[in-house]
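Q: Please find one structure pasted underneath; my questions will follow.
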Amino acid sequence: MQKTRHVQGHRYHQLLCAVTASILLCIGFNVPVKASDELHVIKLTGTGTLKLVPDTALITLGINVRGNDLSKLQAAADSTVNNMLAQLRALSIEDKDLAATNIRIAPRYRYDKGRQESVTNGYEVSRDINVTVRNLTLLSSVMSEAGDAGINTISAPQLSSSQYEESYLKALGAAVHQAKTRAQALAEAADVRLGPVIHMSTQQQSYHPQPPMMMRTMASDSPESATYQPGELVVSASVDVTFAISP
């Protein structure tokens, strides 16, 4: 009899636990969400734009020579680079703004019909000078000296500004201000109260010249007839902002 009561008590305990667990599950998954607990937001994108006059240009000057005597080709390329560096220093361009470490040597080939295979046909040697011009009034002189020194390739200048970071921060502030102003207008139109910012993220920044600088190639007219118009740089910032709102 005592054993039977023990078994019945054990079964009752198991049943009680199962019922309790069921009640807890019902409570955990069936509690309705009140409308007042829902999060109401306004999501907006703000943009800010500033224009800068560029004050720095990065250009690459190159010498490319071809021939059969590799040592003479290297000597010719080195001589041209050394002459160009001397001219750049004479224009008061500092050594920290000059980089002339690149050299490329490549064999050239031609197809020999008799042997029906490609055979070596000399070499091509190239050297580059990367120049940072911090005074754009010197750009025309740099181009002129490059032609006189024997430089035969010149890249288009990459324009930039030493005031970029400061300008980007201002554009970023303008973007946030625009987003807040628009959010306030929407909140007033919808007769709700604008709350604090609950999320904010920036988008990819934009930085480009407008319009692009006019350039002269080595095959064009004389440097005296060339004009260089740096134009403007446009710095843009964009932010996505989420504001809380309440009735």
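Q: Need the failing condition index for I63 against (1) modelled with pLDDT under 95; (2) surrounded by 14 or more Cβ atoms within 10 Å (Cβ to Cβ); (3) not assigned by TED's automatic domain parsing to the domain that holds P230, just the number.
A: Here I63 meets the rest and fails (1).
Each row is one residue, and each column tells you yes or no for (1) within 42 Å of the chain's Cα centre (by Cα); (2) farther than 30 Å from T153 by Cα; (3) modelled with pLDDT under 95.
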position	(1), (2), (3)
K3	no, yes, yes
Y12	no, yes, yes
S36	no, yes, yes
K51	yes, yes, yes
A57	yes, no, yes
L85	yes, no, no
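Q: Filter region 139-151 down to the residues that are of a type outside the set (V, I, T) and out of contact with any Ser or Thr (no Cβ under 7 Å at 6 or more places or on another chain) and list them by number.
A: Of everything in region 139-151, those that are of a type outside the set (V, I, T) and out of contact with any Ser or Thr (no Cβ under 7 Å at 6 or more places or on another chain) turn out to be L139, S140, S141, M143, S144, E145, A146, G147, D148.
Q: Does R127 count as at pLDDT 95 or above, in a helix (DSSP H, G or I) and more than 27 Å from E232 (Cα to Cα)?
A: no
Q: Also, I was wondering about something else. Output the number of the condition that Q116 fails; it satisfies all remaining conditions of (1) farther than 21 Å from V65 by Cβ; (2) surrounded by 12 or more Cβ atoms within 10 Å (Cβ to Cβ); (3) out of contact with any strand residue (DSSP E or B) (no Cβ under 6 Å at 6 or more places or on another chain); (4) of a type in the set (S, T, N, Q).
A: Q116 satisfies every listed condition except (2).
Q: Which condition from (1) out of contact with any Ser or Thr (no Cβ under 6 Å at 6 or more places or on another chain); (2) surrounded by 15 or more Cβ atoms within 10 Å (Cβ to Cβ); (3) not assigned by TED's automatic domain parsing to the domain that holds L61 is the one that I154 breaks?
A: (3)
Q: Here is a follow-up. Of the conditions (1) assigned to a loop (DSSP other than H, G, I, E, B); (2) surrounded by fewer than 13 Cβ atoms within 10 Å (Cβ to Cβ), I93 satisfies every one except a single condition; which number is it?
A: (2)
Q: On to the next question. In region 58-88, which residues are out of contact with any helix residue (DSSP H, G or I) (no Cβ under 6 Å at 6 or more places or on another chain) and under 27 Å from Q229 (Cβ atoms)?
A: L58, I59, T60, G62, L88, listed by residue number.
The values are calculated or read from the model by the stated rules, or taken from the named source; none is laboratory data. Quantities reported herein were computed from a predicted structural model and do not represent experimental measurements. Every residue, glycine among them, receives a Cβ derived from its backbone with ideal geometry; neighbour counts consider all protein chains shown.
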